Amino acid sequence: MQIGTETGSLVNHMYARMVRGEPAPYVGMPATLLSWTDRDPATVVEVNMAKRYIAVQEDNYRRVDSNGLSESQRYEYTPNPDAPVKIFRKDKRGQWVQHRLNPETNRLVQVRGFGLRLGEREKYHDFSF
């Protein structure tokens with residue numbers, strides 16, 4: 001994710017780039033979807049090494065603190081099997097990039113969408129937007 005065009009968050013930009021030494025993806029692995037300034041919890045639901053992609057689904061979350069409009073946020077997470085599946089592949093820099101399936105060619109096409117961080121599940125809502 002490039003700061004200023006794909007994300008407005010330095011933290012999300014750094015998370016998207018922190019791929020060196022990350023664990024190998026596996027089904028059930030926690031993940032975080034990175035957007036403009038927010039972060040959403042997700043779970044890896046498919047790993048296809050032959051076609052070099054992983055699929056994730058956004059999790060349900062519930063805020064469990066009472067801190068109001070605050071940077072200090074705590075959430076509970078549960079899987080959401082009904083959430084849409086998002087597909088990611090690594091680019092030449094090793095960063096996870098979102099793709100979609102082109103129904104006409106049956107090939108994966110890169111889209112400007114979410115970034116991805118593997119190994120941690122996190123929800124963060126930026127109240128300044």
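The values are calculated or read from the model by the stated rules, or taken from the named source; none is laboratory data. These numbers were taken from a predicted model, which means no experiment stands behind them. Positions of Cβ are generated from backbone atoms using ideal geometry, with glycine treated the same way; all protein chains shown enter the neighbour counts.
Please find, within the stretch 25-58, the residue that is nearest to GLU120 (Cα to Cα) out of those that are in contact (Cβ under 8 Å) with a residue 12 or more places away in the chain, in a strand (DSSP E or B) and polar (S, T, N, Q). Filtering the stretch 25-58 for residues that are in contact (Cβ under 8 Å) with a residue 12 or more places away in the chain, in a strand (DSSP E or B) and polar (S, T, N, Q), the one nearest to GLU120 (Cα to Cα) comes out as THR32. Across the stretch 94-129, the number of residues qualifying as without any contact (Cβ under 8 Å) to a residue 24 or more places away in the chain and over 14 Å from the mean Cα position of the chain (by Cα) comes to 10. For the stretch 49-104, filtered to residues that are aliphatic (A, V, I, L, M) and under 19 Å from THR32 (Cβ atoms), the residue that is surrounded by the most Cβ atoms within 10 Å (Cβ to Cβ) is VAL56.
Only one of the listed residues (PRO41, PRO30) is crowded, with 19+ Cβ neighbours inside 10 Å, in contact with an Asp or Glu (Cβ under 9 Å, 6 or more places away or on another chain) and modelled with pLDDT of 70 or more. That residue is PRO41. Going residue by residue through the stretch 2-24, is there one that turns out to be surrounded by 14 or more Cβ atoms within 10 Å (Cβ to Cβ), part of a strand (DSSP E or B) and modelled with pLDDT of 90 or more? The answer is no; no qualifying residue exists. Just so you know, in the stretch 111-122 the residues that are within 17 Å of GLY28 (Cα to Cα) and basic (Lys, Arg) include one that is modelled with the lowest pLDDT, and it is ARG117.
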